[in-house]
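Below is one structure; the comments refer to it alone.
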Amino acid sequence: MPFSHQIILQEETVDSEKYKILIVEDNPDWRLTLEGMLNEAGFVANPVSSKEEALSALQAKPYDVALLDIRLDDSDETNDDGLLLAEEINKRWPEVRIIIATGYANQDYVKRAMEPKMPNGQRLAVNFIEKSDIVGLVDVIKKIFV
C-alpha cells in the first residue's frame, strides 16, 4: 500500500497528496524554498517563474491552489504581475484558489487582493501572506481544504 500524507487540522483530515499547488515566484531561492516546504507537507508543488509559464502550466493540467508572488520582476517596483495573473486565473480557472505571497505588502496590494470585487462578489485571493510569515503557509493552505 503506498504511503499517503495525511494532514490533521482541528480533528479533520486532509489527504494533502491529492492537492496540486502551482507556485509562481520569480526569485529562484524562494521558489526552491516554497517547493520544498509544500512537497515536505505532502502537497504536489509545481514551481514556475513567470506569468507566461503559469498560464501554460494551468492550461496543461488542473491545479487546486495557485501561490502567487505579487512582483514577478523585483527590479521593477511598480510590477504587479502577480495580481494581474490572479485576475486572469479567476476568469479562466475560477475553481483555482489563489494565495498571494509577497515581501512587499502594502495597503493597496492587500486591498486589491482581499476586497470583494469579482462579478460573483468573491475576493481575488482566498488569503494574503507576507513572506516574513511564510512558516504559516502550510497551515494557510490546509485551512482551504478543511
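The values are calculated or read from the model by the stated rules, or taken from the named source; none is laboratory data. Note that the coordinates shown come from a computational prediction; the quantities given were computed from them, not determined experimentally. As a convention, Cβ positions derive from the backbone with ideal geometry for all residues, glycine included, and neighbour counts pool all protein chains shown.
Taking region 54-79, which residues are over 14 Å from GLY103 (Cα atoms) and surrounded by fewer than 17 Cβ atoms within 10 Å (Cβ to Cβ)? Within region 54-79, SER56, GLN59, ALA60, LYS61, PRO62 qualify.
Go through (1) closer than 19 Å to ASP29 by Cβ; (2) surrounded by fewer than 20 Cβ atoms within 10 Å (Cβ to Cβ); (3) in contact (Cβ under 8 Å) with a residue 40 or more places away in the chain one by one and return the number of the condition GLY82 breaks. Looking at each condition in turn, GLY82 falls short on (2).
Restricting attention to region 87-113, which residues are modelled with pLDDT of 75 or more, under 12 Å from ASN127 (Cα atoms) and either buried (at least 23 other Cβ atoms within 10 Å of the Cβ) or of a type in the set (D, E, K, R) (or both)? Across region 87-113, the qualifying residues are ARG97, ILE98, ILE100, ALA101. Regarding region 18-25, can at least one residue be identified that is more than 18 Å from PHE128 (Cβ to Cβ), modelled with pLDDT of 95 or more and charged (D, E, K, R)? Looking through region 18-25, at least one residue is more than 18 Å from PHE128 (Cβ to Cβ), modelled with pLDDT of 95 or more and charged (D, E, K, R).
Residue count for region 18-41 under the criterion of being of a type in the set (Gly, Ala, Ser) and closer than 14 Å to ILE144 by Cβ: the result is 1.
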